[in-house]
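Here the structure is laid out as structure tokens; the discussion comes afterwards.
The values are calculated or read from the model by the stated rules, or taken from the named source; none is laboratory data. No experiment lies behind these values; they were computed from the predicted model shown. Reconstructed Cβ throughout: ideal geometry from the backbone, glycine too, with neighbour counts over all protein chains shown. Remember, those area values only see protein heavy atoms, side chains included, never the ligands or the DNA or RNA. Shrake-Rupley method; radii C 1.70, N 1.55, O 1.52, S 1.80 Å.
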Amino acid sequence: MLVLGIDPGTAICGYGFVEQIGSRLVPHAYGAITTPSKMQPERRLLKIYTELENLIQEHRPSAIGIEQLFFNRNVTTAIPVGQARGIALLAAAKNDIPIVEHTPLQVKQAVTGYGKATKEQVIYMVTKLLHLPHPPYPDDTADALAVAICTAYCVDSIAWRNRI
């Protein structure tokens with residue numbers, strides 16, 4: 001089963017495709033969609049949507065995982081991130097792909113075993129779990145892969161429960 005993890009943002013929108021084959025997780029494609037800060041907000045959102053749409057069409061994931069909004073410091077970024085999150089939800093809906101939402105705590109718990117793990121711990125575990133030759137860059141890409149890993153575990157557990 002191939003899943004897409006998304007770490008939404010208007011400046012940097014991380015994405016990562018992870019396939020679960022048995023108990024092994026295999027990365028397929030990952031990176032970040034970036035937009036220039038001087039680009040008009042509607043153009044930034046259009047670029048994110050277009051690139052996500054192309055990625056979804058190319059890879060055809062079975063599910064899309066996306067992080068729920070959580071802001072404990074910089075509340076002013078909530079609106080742009082919420083807009084980018086809406087674009088990701090729209091791309092999923094347009095392609096009729098189920099969405100699985102996770103809190104940051106759930107993602108960290110799934111990847112590191114500790115819900116209050118640091119960003120460095122998440123990056124380290126993503127690199128190890130996916131057998132990557134080097135840590136994903138930028139951090140948003142690592143976060144998206146962490147969301148994909150969490151989604152793969154979650155969807156697999158739901159499928160397993162439904163077999164009973």
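Among the residues of the stretch 88-103, those identified as open to solvent by 60 Å² or more (accessible area, probe 1.4 Å) and either assigned to a loop (DSSP other than H, G, I, E, B) or more than 17 Å from LEU4 (Cβ to Cβ) (or both) are ASP96, PRO98.
Every test in (1) modelled with pLDDT under 95; (2) open to solvent by 50 Å² or more (accessible area, probe 1.4 Å); (3) over 14 Å from the mean Cα position of the chain (by Cα); (4) not small (Gly, Ala, Ser) is passed by TYR153 save one, and that test is (3). Taking ALA32, is it in contact with a strand residue (DSSP E or B) (Cβ under 8 Å, 6 or more places away or on another chain) and either assigned to a helix (DSSP H, G or I) or surrounded by 18 or more Cβ atoms within 10 Å (Cβ to Cβ) (or both)? The answer is yes for ALA32. Restricting attention to the stretch 60-80, the residues that are at pLDDT 95 or above, open to solvent by less than 30 Å² (accessible area, probe 1.4 Å) and out of contact with any helix residue (DSSP H, G or I) (no Cβ under 8 Å at 6 or more places or on another chain) add up to 1. Selection of first residues in the stretch 1-24 that are without any contact (Cβ under 8 Å) to a residue 12 or more places away in the chain and of second residues that are of a type outside the set (Asp, Glu) and surrounded by 24 or more Cβ atoms within 10 Å (Cβ to Cβ), restricted to Cβ pairs under 8 Å at least 6 apart or on distinct chains, gives an empty result.
Criterion applied to GLN40, GLN83, GLN57, GLN106 was being surrounded by 14 or more Cβ atoms within 10 Å (Cβ to Cβ) and over 15 Å from the mean Cα position of the chain (by Cα), and the one residue passing it is GLN83.
Scanning the stretch 1-36 for residues that are among the polar types (S, T, N, Q) and out of contact with any Ser or Thr (no Cβ under 9 Å at 6 or more places or on another chain) yields a count of 3.
Residues in the stretch 128-149 that are closer than 21 Å to ILE64 by Cα, part of a helix (DSSP H, G or I) and out of contact with any helix residue (DSSP H, G or I) (no Cβ under 8 Å at 6 or more places or on another chain): ASP140, THR141, ALA144, ALA148. Residues of the stretch 1-24 that are over 15 Å from ILE48 (Cα atoms) and open to solvent by 10 Å² or more (accessible area, probe 1.4 Å): MET1, LEU2, GLU19, GLN20, ILE21, GLY22, SER23, ARG24.
Determine, yes or no, whether ALA148 is buried (at least 22 other Cβ atoms within 10 Å of the Cβ) and of a type in the set (A, V, I, L, M, F, W, C). So ALA148 fits the description; yes.
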